[in-house]
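To keep things clear, I will list the structure first and then write my remarks on it.
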Amino acid sequence: MTATLAAPSREPVLTKITRSPALPAFVGALVIWLATWLVSGNGLWGTLAIGASVATYLVMVGIGQLFVITSGNGGIDLSVPFVMTISAYLGSQVMNGDDGNLVLGLIVAIAVGIGAGLVNALLVEVVGMPPLVGTLAVGFTIQTAILVFSSNSTGVPSPGLSSFVDGNWGPFPIFAIFGVLLTIVFAVLLKRTSYGRRTEAVGQSATAARLAGIDPRLVRAAAFVLSAALAGLAGILLAAHAGGPSLELGTPFQLESIAVVVLGGSLIAGGRGVVPGVWAGAMLLTLLVTLVNVAHVSSAVQNIVEGLLIVVVLAVARNPVFRKS
Amino acid sequence: MTTGGGDMSETLLSVEGVTKRFGSTLAVDDAAFRLARGELIGIAGHNGAGKSTVLNVVTGRLAGDAGTVTLDGTTRDATVPVASADALGIRIVFQELSLCPALRVDETAAVFDRSARGTSWRTAAWNHLQTVLDEMFPGHGIRRQQQIRDLSIARRQMIECAAAMLPGEVPAKLVILDEPTSSLDASSTESFYAYLHRRAAEGLSAIVTTHRLHEMIDNLSRLYIMRDGRIVSEEVAATSTKESLVAAMGIGGHEAARERTVSDVERPPVPGDAPVRVHIGDRATGAEIELRAGEIIGLGGLEGHGQVAVLEALAKAARSRLPGPKRTLRQDVTVDGTVAYVSGDRGDRGIFRYWDVGQNVTIANLKRLSTAGFLSRGAERRLVDGWWPKLGIKGGPEDPIVSLSGGTQQKALMARAMAEDSDLLLLEDPTRGVDQSTKEDVYALLRRQAAEGQCVVWYSTENEELRHCDRVLVFRSNEIVAVLAGSEATEDAILSSSFAGAPSSLSGAS
């Protein structure tokens, strides 16, 4: 009973990798990468570079979603796709195809996100709505604003932004490098800062955190603002990639942003977030779409494959039989 | 109160040669004991002595490595686990409270009461549970519509105890009670054992494990003492004393000696103008109580009479950015100084279960350990290493907190709060379900903190503990009905003032 473990010296790196909750998703992404390469004949590196570039949008919103989920209390942000779309429209309108307005356009896109995040936080933490309902209500309200606004919107993102998201730096896609840097920044935020530590604490037990002098409402509110701000930025960047905003721009990200968090090994109930795992989940889903596209299968089959893969990865990740080190 | 003559009657349970290993640890080593029909026995020992493990093998929840268990004439191999102890006629009350927080009381009753079916299943289940509750804890005050999460920990424990006694498909022959009274106050505990004796007279047997040794002595017939996985002796409760049990459990003589000198230790008085100023003003009586630095203040009285509300109000008042007193039902509380809080409800209000011990200790001190928001690993390690030797925790700071026993977790939580170096230390029943030697460690830590000028406010459900305090505030119905000096704070005095004390007895105190 007394598990008198001798204080373990630092864990060997290999054990750390094999016990990482993100491992199944990384292995899955690797398998699909190789499969896509075999089917498409696009070259091993080219497949990865394109995949990483496209996955970065999903990574950005996934990281925001991760902070909301990790802060617990049933945290989830369903307003993500709507915030992306409205930021894409408003940011494009401000930029109006002119590099001179680039910075202002980015600021507007992020500010729109912060505003939506504050409303989310207000509804959940002050009014006391469940996050699932509160953020969806905000999303629907934004949806109406998008419909009103889009009918006479003509703006497009600036060309400078487009070359940022689509350009290459030698063999490396610039945008994917940006995505990796962003992941490092937020991994540090979650694991090495006081704010990140408090986020995981609140997600594990809000009561214990409160008694330790942490205000759980403030911590969770910050996560909503962070998530929506990242969604706003991702929205304008995606518009730059697509050559302009569109009504359905954010739609696929609603559930995928949640899926990549869970696939990456973070706990859906909160308390433990794995930021690098978001990359694994995002690469998995993105490369999978590429694979079924180059394999010329119908979209129905595509959805079946996607669903099955998610089930397999999660089954492997959750089942203790596979997790014995 | 002891049930005599158990040995004369028919044997209900006989355990032979039960052994269980966890990795390299021999948790239970060749344990053997027997229990007669209608007998109430106890198993005593420290945290980690093997009590819970041997009981888990007996009930078949855990597969043993060797041994046999004979229940009511049927022998089974202890190495084979059993799907449902219920079907054998065994009921279990777990040490860690295991009710679903989101369910209502009547729905919870239905979880335990499989006979409640049909459209009025809630009512049927509640009626059964209420019958037991009324008999077991008269005046329990539990209503069927309440959600479990809104109930105090004591009422949740009452429900667990009562639910084990519900009539099931197979009538209960044996009840296993693992710390059944850890959150109950003295009068509830008494009525619980009275109920148990009535059922024992009808032929029910029970095995109790608890760290409250006097409960075992007063209420059970025989006690098996466990140490390091072995049953080292069998004692007759009637001829045992707390001291003899402690000696048998293997706490060294010096521990007992230290305990005796505790109340004699005089701390130097700290001047009254020390920085912490705490006022508890009772609106009903108009009396004001001022707490001073270096004092240990006990909050006593029956469980659930407003003590936790005062503790939480103290924490709120100290942390609030808005000036002005914080209110509880009856008191206005002002605090001038900083606070730290320790809860004995470790699972819900204490530990962070996915973290290691070190992270659990540092969480309340992040501000001091970080520069510009970034945590310094070095500073974090220094803080943990600084506290480690003072706590005597087995293992290392990198062990997961959930791998520790309850008492050890509590020490880590104490370290978390004491590392805050606050003016005021608030304790909410910190020794709940903790063994005697850990308790002594906790008392020693508190005395040291007070000697260093910290004001300690300590709520305990064990009146006996409150003799360590300088003053004891006795609560009844959210009011402070008496203030006893530490020397007057005997168990009898606290009990009598919590039942009979009139609010007027507050005059003359403080």
Check: In whole Å, how far is the Cα centre of region B:444-500 from that of region B:313-342?
Finding: 20
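Length gain on complete extension for the stretch A:Ala295 to A:Val188, per 0.36 nm per residue less the alpha carbon to alpha carbon distance?
Values: separation 107, 0.36 × 107 = 38.52 nm, distance 3.85 nm.
Separation in residues times 0.36 nm, less the Cα-Cα distance, equals 34.7 nm.
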Next item on the list: Once you have a ≥ b ≥ c as the square roots of the Cα gyration tensor eigenvalues for the protein assembly as shown, tell me rounded if a/c is under 1.5, and otherwise prolate or oblate according to whether a/b is larger than b/c.
Entry: prolate
Item checked: Dipole magnitude of region B:96-169, debye to nearest 20 (Cβ charges: Lys/Arg +1, Asp/Glu -1, about Cα centre) -> 240
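For the protein assembly as shown, what is the charge dipole size about the Cα centre, in debye to the nearest 20, if Lys and Arg each add +1 at the Cβ and Asp and Glu each add -1 at the Cβ? Walk me through the intermediate numbers first.
Details: 70 positive and 78 negative charges, 322 e Å.
Dipole magnitude for the protein assembly as shown comes out near 1540 debye.
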Margin query: Name the residue from B:Ala451, B:Thr371, B:Gly324 whose Cα lies farthest towards the positive end of the charge dipole of region B:261-506, charges +1 on Cβ of Lys and Arg and -1 on Cβ of Asp and Glu.
Written below: B:Thr371
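Can you give the translational diffusion coefficient of region A:32-72 in µm²/s, computed by Stokes-Einstein from the Kirkwood radius over Cα pairs at 37 °C and 0.692 mPa s?
Numbers: Rh = 11.7 Å.
Translational D for this selection: 281 µm²/s.
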Item checked: Expected 222 nm ellipticity per residue - DSSP helices of 4 or more, -39500 (n - 2.57), all of chain B, to 500 -> -10000 deg cm²/dmol
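Just want to confirm a number: the relative contact order over region A:97-246, from Cα pairs under 8 angstrom separated by 6+ residues, in percent.
Details: 137 pairs, mean separation 65.5, N = 150.
It comes to 44 percent, rounded to a whole number.
Under the 0.36 nm per residue contour assumption, what length would be gained going from the current alpha-carbon distance of B:Phe94 and B:Thr338 to full extension?
Working: separation 244, 0.36 × 244 = 87.84 nm, distance 3.65 nm.
Once the chain is fully extended between B:Phe94 and B:Thr338, it gains 84.2 nm.
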Next item on the list: Using just the helices of chain A, give the 222 nm mean residue ellipticity in deg cm²/dmol: DSSP H runs with n ≥ 4 each add -39,500 (n - 2.57), and the total is spread over all residues, rounded to 500.
Entry: -23500 deg cm²/dmol
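Counting only C-alpha contacts under 8 Å and six or more residues apart, can you give the relative contact order of region A:1-135 as a whole percent? Can you show the working numbers first?
Values: 67 pairs, mean separation 22.9, N = 135.
Computed value for region A:1-135: 17 percent relative contact order.
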Note to self: At 0.36 nm per residue, and after removing the present C-alpha to C-alpha distance, how many nm does the segment from B:Asp72 to B:Glu488 gain when stretched out fully?
What the structure shows: 144.8 nm
Check: Under DSSP H, which helices of chain A have Cα atoms covering 30 Å or more of the helix axis and a Kyte-Doolittle average no less than -0.5?
Finding: A:44-70, A:216-242
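Note down the net charge around A:Leu285, summing +1 for each Lys or Arg and -1 for each Asp or Glu among other residues with Cβ under 10 Å from its Cβ.
Details: positive: none; negative: A:Glu256, A:Glu306.
So the environment of A:Leu285 carries a net charge of -2.
Determine how many Å³ per residue the convex hull of the Cα atoms of chain A encloses. Walk me through the numbers on the way to the answer.
Values: hull volume 51.3 nm³, N = 325.
Value for chain A: 158 Å³ per residue.
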Notebook entry, point to check: Under a point-charge model restricted to the Cβ atoms of Lys and Arg (+1) and Asp and Glu (-1), what is the dipole moment magnitude of region B:366-510 relative to its Cα centre, in debye to the nearest 20?
Noted result: 580
Notebook entry, point to check: Kirkwood-based Rg over Rh for region B:261-506 (C-alpha set), two decimals?
Noted result: 0.97
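How much FRET efficiency would the formula 1/(1 + (r/R0)^6) give for B:Ser244 and B:Glu290, where r is the Cβ-Cβ distance and R0 is 41 Å, rounded to 0.05?
Values: r = 43 Å, r/R0 = 1.05.
The computed FRET efficiency comes out at 0.45.
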Check: Which Cα, out of B:Thr123, B:Gly168, B:Ile153, lies furthest along the positive dipole direction of region B:96-169 (beta carbon charges, K/R +1, D/E -1)?
Finding: B:Thr123
Notebook entry, point to check: Which of B:Ile231, B:His197, B:Asn56 sits closest to the plus end of the dipole of the protein assembly as shown, meaning its Cα is farthest towards the positive end, when Lys and Arg get +1 and Asp and Glu get -1 on the C-beta?
Noted result: B:Asn56
Check: Ignoring ligands, DNA and RNA, how much accessible area is buried between chains B and A, both sides summed, with a 1.4 Å probe, to the nearest 100 Å²?
Finding: 2900
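Report, in listed order, any pair from A:Lys16/B:Lys51; B:Lys51/B:Lys411; A:Lys16/A:Lys191; B:Lys242/B:Lys411 with a Cα-Cα distance greater than 27 Å. All intermediate terms of the calculation are to be shown ahead of the outcome.
Values: A:Lys16/B:Lys51 34 Å; B:Lys51/B:Lys411 21 Å; A:Lys16/A:Lys191 16 Å; B:Lys242/B:Lys411 24 Å.
Cα-Cα > 27 Å for A:Lys16/B:Lys51; rest within.
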Check: Which value does Rg/Rh take for region B:96-169 over its C-alpha atoms, Rh per Kirkwood?
Finding: 0.92
Check: Each label point is 7 Å from the Cα along the Cα-to-Cβ direction; what then is the distance between the points at A:Leu247 and B:Arg21, in nm?
Finding: 7.0
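Before anything else, pin down the relative contact order of chain B: Cα pairs under 8 Å, at least 6 apart, normalised by residue count, whole percent.
Working: 1031 pairs, mean separation 75.7, N = 510.
Contact order relative to length: 15 percent.
Suppose R0 equals 45 Å; then what is the FRET efficiency for B:Glu10 and B:Ala444 from their Cβ-Cβ distance, rounded to the nearest 0.05? Don't skip to the answer; put the middle values down first.
Details: r = 47 Å, r/R0 = 1.05.
My answer for the efficiency is 0.40.
The values are calculated or read from the model by the stated rules, or taken from the named source; none is laboratory data. Values in this document were obtained by computation on a predicted structure and should not be read as measured data. No Cβ is skipped: glycine too gets one built from the backbone with ideal geometry, and neighbour counts run over all protein chains shown. The area values use the complete protein model at the heavy-atom level, side chains included, leaving out ligands, DNA and RNA. Shrake-Rupley method; radii C 1.70, N 1.55, O 1.52, S 1.80 Å.
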